[in-house]
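Below is one structure, written out as C-alpha cells; comments come after it.
Where a number appears in this text, it was derived from the coordinates with a stated rule and is not lab data. As the structure is a computational prediction, the values presented were derived from the model and not from experiment. So basically every Cβ, Gly included, is an ideal-geometry build from the backbone, and we count neighbours across all protein chains shown.
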Amino acid sequence: MPDATELELTAQELRDLDAESVLDTEFHRGRAVLLVAPSKAKPVLEHLQGKGYTFLASLHGVDYYPQEPRLGVLYELLDMRRVDRISVKARVSTDAPEMDSVVDLFPGAEFPEREVYDMFGVVFRGHPDMRRILMPEDYEGYPQRRDFPVGGEPVLFTFNEQASYGKDL
Amino acid sequence: MTSLTEDYRRREESITLSSEPAGTGETHELFTLNIGPHHPSTHGVLRLLATLEGEVVRDIKPIIGYVHTGIEKTAEDKSYWKVIPVVERMDYLSYYFNAMAFCGAVETLLGIEVPPRAQYLRVLHLELNRISSHLFWLGTSALDIGAIGVFWYALREREKVVDLFEMSSGQRMHTRYFQVGGVMEDIPRGFDVKVRKFVKEMPSRADQYADLLSKNQIALERLRGTGLVDQETLLKLGVTGPLLRASGNPWDLRKAQPYCSYDHFDFKIPVGTTGDNYDRYRVRHAELYESTKIVEQALEGLPEGPFIAPDRKVALPPRHELATSMEALIHHFKLVTEGFRVPPGEAYYPVESPRGELGCFVRADGSAKPARVHMRDPSFSNLQAFAPMVRDEYLADLIATIAMLDPILGGIDR
Amino acid sequence: MEIRREPVRDPSDLRIRQLDARDMLQGDLEDEDLNRYVEQRVMTTTLDKAVAWARGNSFFPLTFGLACCAIEQIHIVASRVDIARFGWEAFRASPRQADLIILAGRVSIKMAPVIRRLYDQMLDPKWAISMGACCSSLGVFNNYALVPADKFMPIDVHVPGCPPRPEALAHGIIKLRAKVQLNPPPGWRERYDAVGTEELLPASTESPDISVFRPGDTAGA
C-alpha cells in the first residue's frame, strides 16, 4: 500500500494537473483512498494507469444512504510491479446518477459497470452494453440501494399453503 | 422436390471436403445458438448466446443472473457474525476462501490480531479447500471432454477431503469454521493422523490423474492450442488466478501480498507458457501438489496457543468460563444478541482463491451490521475473458474452454 | 471365528416341498394342494402395482444443478453414496427423456420460468425433488431475488439441509421411491396446471425459414 505521505504526493500531483479533481484523501488501516469528483474520475484513472496502476481489481458501488451524495462508485486499482493498491472513490447523487465509463481504459470494467447499473442505477456513459446483468431485463428498481426492501416470502406452512401457492395465486 | 430441398441439395453437393482452417474468408450466414441455462456442460446456470458460422464460433455473449441470490443485500441485514454463513455460500466450491476474505476485511477494520495457531489452521483449511475445489474441477472437466473415469477418481479423493472438513467443523460444506478473530474451534484429536495419511497418498493420486490425462492423445488434441489468449488481454480484462498463471504471469497473492502467514511456507507457483487450455489444466493439476505441501507444512509447524483472538469483545469466551466469570457471561450475551460493533471505515481484503483474486469490500458504519459487503468474485472477471478465448474456435472447443475456465456461477451471480 | 450350523427347521418340510414340486410338474396336484403350492411360490399383484414398482426403480433424473446443493448431488452419483444402487444413475440431459427433476440449489426469479418450462417438457408421470433449504423455503436467503419452488411447480419430496448430505438426499429419494410405488393419483398437480406434457407445435408450416418435411416427402431428406 502506498503510505500516507505517498498518498498525499499522488493527490498533490493530481491536483496540480487539475485543481478540482481530487476532493479528499483518506488513509484508514493501511488503505489509501482518493475521493474524486465524478466528472473527473476518468482522467484521474487514466493518470493513475500511466503511473503504473494498470490492473483494475474491482469496480463496485456503495450506497451511503443518509449522507449525500448518495451513490458511490469505487475503483480498486492494483500495481502489479510494485505490489501496491490504491482506491478511487466517486460519489454521485440519485438526481443525476451518471458517470463516464472506463471500459476503454480497463476492458475488464464491462461487467462490473453493468452490475453497478443494475444494483444502484448509476448509468455509465459510453458503455457498449448498458443493461441489467443480474436481475431480469424488465425488473424495476435498483435492489442494493439502502431504501429498497430486502423482500422475501412468508414461510409456507400447511395453514397458508392453499391460499398462497399454486394456481389460486 | 420442393425448392427448399433443392437448394439444400445444391449446397450440400457444392461443399468440397478439404481440411480448411476455421475462418477462411468465405462468409456463410451466421446462426445464433442459445446454449441455454440448462445444459449439461455449462458449469452451473450459465447462458451463452453463441453466434456461429458453420461450426466456428464468431461471437459469444454470456448472460448471467440465473442464480442471483442477493447475498450482498442479505448481508447488510445481519450482524457481522451472521454474515459469514451467508457470504460462504457465494462461491460454493471455495467456501473457506469467501469466509477468509470477509473475516480478513472485518479484522482489518477492527484492528485485531489473529493468533498464529489460528492462522496456521486457517491456511491448512484453505489449502485443503483449494485441493477439493481443484479435484471437483478436474472431475467435471474431464467429464466434459469425455474422460469419465477421472470423474470417479477425483470425487473419491474429494470425499476424503470433505471428511476432514467434517472432522474439524461438523459440516462437509459451508462449515462456518472461520470466525472473525480466528477459527471457531480447535481441531479434534485424530485430525492430524488423518491429515498425514491424506497428505501421504495425495501426490500418488494426483500422479494417477496425470497418467490418465496429461499425455492422453484425445486430451492433447482437445486442449492443446485451443482457447488461446495472450497475457496483455487477460491483464486488461482483470483476470487473475490459474488462467493468468497459465499464460505466463506468475501473479499469486500468496506470494506477492502474503496474508495469514503464507510467507512462512515454502511452496512454488506453477506457471504455464502459452496460455491455452492444456496449460490451464496443467497449472491447476500442479497446484494440487503444491497445496499438499503447504498442508503438510502447516500441520507439522502448528504452533500452540489460542485458536481465536483473546479479545472478548469480538470472540465468544470459552464455555467453561461462563459458569465462573460475570464478564464472560455479559460478553457472551452481547455477542450473541447484538454482535460486536465495528468502528466506521472501509476495507478491501483480497485473497487468492482457486479461481483468482477474491476480494471482500466491507463498509462499516459503527453499528453491529455491515453497511455494505461486496465480494469481488474472480469468476465474474474471468468470464469477460471467455469471449476472446472462443472467438474463431470450433463449438466443441468452446465446451472444453468452459471447462478449463472454471466458472462458478454462484460467485458470478452472487 | 465360530461357524454355526443350523439344522433345517423341520427336515420333513423340505422333502414335502420337493415332492409337491414333482407332483405339480407331473400334473398330479389337486385343488387344495395346488392352491397352497401357488400361494407359496407365486407373487400375485395387479398390473398397476407392478408398473409402479418398476417405475420407482428406474427413474431417469434430469441433469440439473443450480448451486451448492448440486455439488452434493454430484457426490451422490459418485462412488461413496451410489445412486446406481437404486437404478437411478442414468441422468438424462434432455427433459423429454427424464422423469425426475432434482432441484438442487437456489431458484432465482430469473430462473423460475426456465425451470417451469423444463418441468412442462418432461413426460408424464413426472416427479420433483426439492433438495436443500433454498428451493423449499428460501433457506438462508429470504430476500427479493429468490422464489421457493412450491410457488410455481408441484414438488413431491422436500429434502432439508444446507446443503443436505448425500446420504440425506438418498433418504429423500428412497422416500420418493416408496411414494411412487404406492402409485399416488396426480390430482393435486392440477392446482399447478402441471398435468401432461408441453409440446410445441410449429407456428406455421409454410414459413420459409423452417423447412418442415411433410410425410411422404422423402426425396431430399
Checklist line | Protection-proxy order for peptides B:93-99, A:132-138, B:103-109, B:172-178, each taking the mean of Cβ atoms within 10 Å per residue, highest first | finding: B:93-99, B:103-109, B:172-178, A:132-138
Margin query: Averaged across B:344-355, how many Cβ atoms of other chains sit within 10 Å of each residue's Cβ atom?
Written below: 3
Check: Where in chain B are the DSSP H helices whose C-alpha atoms run 27 Å or more along the long axis and whose mean Kyte hydropathy is at least -0.5?
Finding: B:116-145, B:148-169, B:191-213
Next item on the list: Treating only the Cβ atoms of Lys and Arg (+1) and Asp and Glu (-1) as charged, compute the dipole magnitude of segment C:62-116 about its Cα centre; round to the nearest 20 debye.
Entry: 220
Margin query: Let's test the formula: R0 of 56 Å, r as the Cβ-Cβ distance of B:Ala256 and C:Arg96. What FRET efficiency results, to the nearest 0.05?
Written below: 0.65
Notebook entry, point to check: Computed from the mean reciprocal separation of all distinct C-alpha pairs, what Kirkwood hydrodynamic radius does segment B:342-412 have, in Å?
Noted result: 14.1
Item checked: Taking C:Cys68, C:Cys162, B:Cys260, C:Cys135 and counting other C-beta atoms within 10 Å, the order from fewest to most -> C:Cys162, B:Cys260, C:Cys68, C:Cys135
Next item on the list: Kindly rank B:30-40, B:306-316 from highest to lowest mean number of other beta carbons found within 10 Å of each residue.
Entry: B:306-316, B:30-40
Next item on the list: With all distinct Cα pairs included, what does the Kirkwood hydrodynamic radius of segment B:101-236 come out to in Å, to one decimal, could you say?
Entry: 17.4
Notebook entry, point to check: Given B:Gly305, B:Thr51, A:Tyr139, which one lies farthest toward the positive end of the charge dipole of the protein assembly as shown, if we put +1 on the Cβ of every Lys and Arg and -1 on the Cβ of every Asp and Glu?
Noted result: B:Gly305
Check: To the nearest 10 degrees, how steep is helix A:41-51 against the longest Cα principal axis of chain A, on a 0 to 90 scale?
Finding: 50
Check: Based on DSSP H runs of at least 4 residues, each adding -39500 (n - 2.57), what is the mean residue ellipticity at 222 nm of the protein assembly as shown after dividing by all its residues, to the nearest 500 deg cm²/dmol?
Finding: -12500 deg cm²/dmol
Item checked: Charge dipole magnitude, Cβ of K and R +1, D and E -1 - chain B, Cα centre, debye nearest 20 -> 1160
Next item on the list: Could you tell me which of B:Tyr80, B:Tyr66, B:Leu128 has its Cα farthest along the dipole of segment B:28-151 towards the positive end, charges placed at Cβ (Lys, Arg +1; Asp, Glu -1), taken about the Cα centre?
Entry: B:Tyr80
Margin query: Kirkwood Rh over alpha-carbon pairs of segment B:18-172, then Stokes-Einstein at 20 °C and 1.002 mPa s: what D in µm² s⁻¹, rounded to an integer?
Written below: 112
Check: Measuring from a point 7 Å past the Cα of B:His320 along Cα-to-C-beta, which residues in segment B:147-191 have an amide N at less than 17 Å?
Finding: B:185-189
Checklist line | Residue mean of other protein chain beta carbons inside 10 Å, B:92-104 | finding: 1
Next item on the list: May I ask which residue of A:Val62, A:Gly30, A:Leu48 lies farthest towards the positive end of the charge dipole of segment A:1-109, with charges of +1 (Lys, Arg) and -1 (Asp, Glu) on Cβ and the Cα centre as origin?
Entry: A:Gly30
Note to self: Can you tell me, using C-alpha contacts under 8 Å and at least 6 residues apart, the relative contact order of segment C:94-139 as a whole percent?
What the structure shows: 56
Next item on the list: Based solely on C-alpha atoms, express the radius of gyration and the Dmax of the protein assembly as shown in angstrom.
Entry: 30.1, 116
Item checked: FRET E, pair B:Met167, C:Asp82, Förster distance 25 Å, beta-carbon r, rounded to 0.05 -> 0.65
Check: Kirkwood hydrodynamic radius (Cα pairs, Å) of segment B:268-377?
Finding: 18.1
Check: Reachable lysines from B:Lys369, Cα under 16 Å, same-chain residues fewer than 8 places away excluded?
Finding: B:Lys73, B:Lys78, B:Lys82, B:Lys313, B:Lys334
Next item on the list: Largest first and to the nearest Å, give the Cα extent of segment B:198-303 along each principal axis.
Entry: 46, 35, 14
Notebook entry, point to check: How do A:Thr25, C:Thr63, B:Thr69, B:Thr324 rank when sorted from fewest to most other Cβ atoms within 10 Å of their own Cβ?
Noted result: B:Thr324, A:Thr25, C:Thr63, B:Thr69
Check: Taking N as the number of residues in chain B, what is its alpha-carbon radius of gyration divided by 2.2 N^0.38 Å?
Finding: 1.11
Next item on the list: Can you tell me how much longer the chain between C:Ala50 and C:Gln26 gets when fully stretched, taken as 0.36 nm per residue apart minus their C-alpha distance, in nm with one decimal?
Entry: 5.6 nm
Margin query: At a 10 Å Cβ-Cβ cut-off, how would you order C:Ile173, B:Ile399, fewest neighbours first?
Written below: B:Ile399, C:Ile173
Check: At 20 °C and 1.002 mPa s, what whole-number value in µm²/s does Stokes-Einstein give for the translational diffusion of chain A, with Rh from the Kirkwood sum over Cα pairs?
Finding: 121
Checklist line | Point-charge dipole on Cβ atoms (K/R +1, D/E -1) for segment C:16-167, about Cα centre, debye to 20 | finding: 1240
Next item on the list: Provide, for segment B:168-310, the number of lysine pairs with alpha carbons under 22 Å apart, each pair being eight or more places apart or on different chains.
Entry: 8
Notebook entry, point to check: What fraction of the DSSP beta bridges in segment C:10-150 is antiparallel, stated in percent and rounded to the nearest 5?
Noted result: 10
Next item on the list: Let me know the mean shielding of B:369-380 by other chains, meaning the per-residue number of their Cβ atoms within 10 Å of its Cβ.
Entry: 3
Check: FRET efficiency for C:Leu123 and A:Asp104, Cβ-Cβ distance as r, R0 = 56 Å, nearest 0.05?
Finding: 0.65
